[in-house]
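The values are calculated or read from the model by the stated rules, or taken from the named source; none is laboratory data. Predicted model only: the values in this text are computed from it and were never measured. Reconstructed Cβ throughout: ideal geometry from the backbone, glycine too, with neighbour counts over all protein chains shown.
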Amino acid sequence: MLKKKIKELLKEKPNTQAVVRGWVRTVRDQKSFAFIEVNDGSTLGNLQVIADANIPHYAEAMSKLATGASVVISGELVESPGKNQALELKAKEIRVLGTCDPAKYPLQKKRHTFEFLRTIAHLRPRTNTQGAVLRVRNALAFATHLFFQQRGFLYIQTPIITGSDCEGGGEMFRVTTLEKPDPEKDFFGKSAYLTVSGQLEGEIAACALSDIYTFGPTFRAENSNTSRHLAEFWMIEPEMAFADLKDNMECAEAYLKFCVRYVLEHCKEDLEFFDKFIENGLIGRLQHVANSPFAHIPYTEAISILKKSGKQFEFPVEWGIDLQSEHERYLAEEHCKKPVILTDYPTDIKSFYMRANTDGKTVAAMDILVPKIGEIIGGSQREERLDVLEKKIQDFGLKREDYWWYLELREYGSVPHAGFGLGFERLVLFTTGMENIRDVIPFPRYPGHAEF
Ligand code: 4AD
Ligand code: MG
């Protein structure tokens, strides 16, 4: 028989037999009966169990029941007199599978700080906030596949261990079996790293299968201790053949909106929780994103907007600078008041693979900046002209032999193509209103932290 979770049990008709399996949130012992709140993670709400003192082995069960204990309780679902839920379970049998010592259990009923909860990442999924985060995260992953599959994109798995540096920032983790690095003697016979992006391999797939996407872990060894950066994060990278920057922007906007609409529709209860306890107005903000066209501003114009803003930025604004989070947030939050797509960045601050514009100083890049987060998507049209790309690789001080296969894609049946990368955790931040990226991934990796 299919084991039903609380989410389904709460939709049953009154007077049905049911079994609930979960962890006790609270027990209220009223002597002749007890209220037991059980949660199994399927939904924010608990199932309230009412246990009469005359059921078999009541006293024994009560002696073991405590917050955190795991239980299997069978009984009958009945209409609840309380107004918090429509149904409650009238217990016939209570089995305590795993006891939990209340004197030692780190998750007390009081509110804990998110910092503290990070130190108990093995238990924090049992909190309301973390449960809601993980359910929304799950919905966003599902929505991602739904969106791209509906558009005919193929899901491609790109390697985690790689020899090539896609983004060229020199911030890669080395993969080695040796104490002292020696590429020739090493496992792969060459230097190997954890990938910063699946894009280059994604391009290989797109140049045969037309439209593809990747969805996998990526790694960056930059020492950025911010609330927006992780050393290990998940990225979704679609890549489209026969596509230019305009097609790319259309796809990115449609994808973001699809995700936002998906959670508004499928994660109502969790979003209401976030709206109430984490970010007042979250649902309104998301509805606004779903319903308004994104703004479009070329980089050069964005620089003049920032200069004219009258704002005192920590990092001075000059054409050619890499935009900082404060600049990105000003543009999205204050100037546009909605997501904005910035295009045509200076060649020097973007990666080697981006397609050169005719002005000789900018590339066909696009970043999507959103309120609260700043950059959530980075993408571009790719340089498909062999000679231009060869020169670019040289200008960037990269070695031609490291990119021989990437260059051959431009030699054999080259096509205009474009793609982007969305940071999955930033999407979770954006849709939940959570403040710190370390709280929207189950096991965050950042400088000094790789426990669990
Ligand atoms: O802008 P990025 O570096 O772009 C790429 O890696 C391209 N290869 C993507 C492509 O065109 N296929 O990274 C893409 C996104 C960023 O916009 C950001 O949302 C996220 O990945 N990101 C991070 N998220 C968490 N922690 C970090 N350290 C991140 N670095 C980038
Ligand atoms: Mg970027």
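Quick look at the values:
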| quantity | calculated |
| --- | --- |
| Out of 61, 69, sole residue that is buried (at least 18 other Cβ atoms within 10 Å of the Cβ) and either more than 30 Å from residue 444 (Cβ to Cβ) or of a type in the set (Lys, Arg) (or both) | 61 |
| Qualifying positions in region 430-451 - buried (at least 23 other Cβ atoms within 10 Å of the Cβ) and of a type in the set (A, V, I, L, M, F, W, C) | 430, 434, 440 |
| Residue within region 403-417 that is touching a Lys or Arg at 6+ places or on another chain (Cβ under 6 Å) and assigned to a strand (DSSP E or B) present | yes |
| Residue in region 404-417 that is surrounded by 23 or more Cβ atoms within 10 Å (Cβ to Cβ) and within 16 Å of ligand 2 (Cβ to nearest atom) present | no |
| Residues located in region 235-256, provided they are surrounded by 20 or more Cβ atoms within 10 Å (Cβ to Cβ) and either aromatic (Phe, Trp, Tyr) or out of contact with any His (no Cβ under 7 Å at 6 or more places or on another chain) (or both) | 235, 236, 237, 238, 245, 248, 249, 251, 252, 255, 256 |
| Pairs, first not assigned by TED's automatic domain parsing to the domain that holds residue 232 in region 173-189, second of a type in the set (Asp, Glu), C-beta under 7 Å, six or more apart | 176/186; 177/186; 178/186 |
| Selection from region 367-380 of residues that are closer than 17 Å to residue 245 by Cα and more than 9 Å from ligand 1 (Cβ to nearest atom) | 369 |
| Residue count, region 91-139 (criterion: outside any loop (DSSP other than H, G, I, E, B) and of a type in the set (Lys, Arg)) | 7 |
| Residues of region 81-129 satisfying the condition of being farther than 23 Å from residue 18 by Cβ and of a type in the set (Gly, Ala, Ser) | 103, 121 |
| Residue within region 363-384 that is away from ligand 2 (no atom under 13 Å from the Cβ), farther than 30 Å from residue 280 by Cα, touching a residue at least 40 places away in the same chain (Cβ under 8 Å) and in a loop (DSSP other than H, G, I, E, B) present | no |
| Only one of 94, 55 that is surrounded by 15 or more Cβ atoms within 10 Å (Cβ to Cβ), out of contact with any His (no Cβ under 8 Å at 6 or more places or on another chain) and modelled with pLDDT of 95 or more | 55 |
| Qualifying position, being away from ligand 1 (no atom under 15 Å from the Cβ) and touching a residue at least 24 places away in the same chain (Cβ under 8 Å), among 397, 413 | 413 |
| Options 286, 306; residue that is crowded, with 19+ Cβ neighbours inside 10 Å and closer than 22 Å to residue 422 by Cα | 286 |
| Hey, residue 344 touching a helix residue (DSSP H, G or I) at 6+ places or on another chain (Cβ under 6 Å) and more than 13 Å from ligand 2 (Cβ to nearest atom) or not | yes |
| Filter pass, residue 26 being surrounded by fewer than 17 Cβ atoms within 10 Å (Cβ to Cβ) and among the β-branched types (Val, Ile, Thr) | yes |
| Filter result (touching a Leu at 6+ places or on another chain (Cβ under 9 Å) and away from ligand 2 (no atom under 11 Å from the Cβ)) within region 418-429 | 418, 424, 425, 427, 428 |
| Which listed residue is closer than 30 Å to residue 199 by Cα, hydrophobic (A, V, I, L, M, F, W, C) and either in the same structural domain as residue 415 (by TED's automatic domain parsing) or not in a loop (DSSP other than H, G, I, E, B) (or both), from 286, 271, 306 | 286 |
| Restricting region 205-238 to residues that are within 16 Å of ligand 2 (Cβ to nearest atom) and among the acidic types (Asp, Glu), the residue that is farthest from residue 172 (Cα to Cα) | 237 |
| Output for region 116-141, where each listed residue is among the hydrophobic types (A, V, I, L, M, F, W, C) and free of Cβ contacts under 8 Å to residues at least 24 places away in the same chain | 116, 120, 123 |
| Number of the exception - residue 259 against (1) crowded, with 22+ Cβ neighbours inside 10 Å; (2) over 16 Å from the mean Cα position of the chain (by Cα) | (2) |
| Scope region 342-366; condition of a type in the set (Ser, Thr, Tyr) and more than 9 Å from ligand 1 (Cβ to nearest atom); matching residues | 343, 345, 347, 358, 362 |
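Here's the yes/no breakdown for (1) modelled with pLDDT of 95 or more; (2) touching a helix residue (DSSP H, G or I) at 6+ places or on another chain (Cβ under 9 Å):
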| residue | (1), (2) |
| --- | --- |
| 129 | yes, yes |
| 132 | yes, yes |
| 140 | yes, yes |
| 173 | yes, no |
| 177 | yes, no |
| 182 | no, no |
| 195 | yes, yes |
| 210 | yes, no |
| 220 | yes, no |
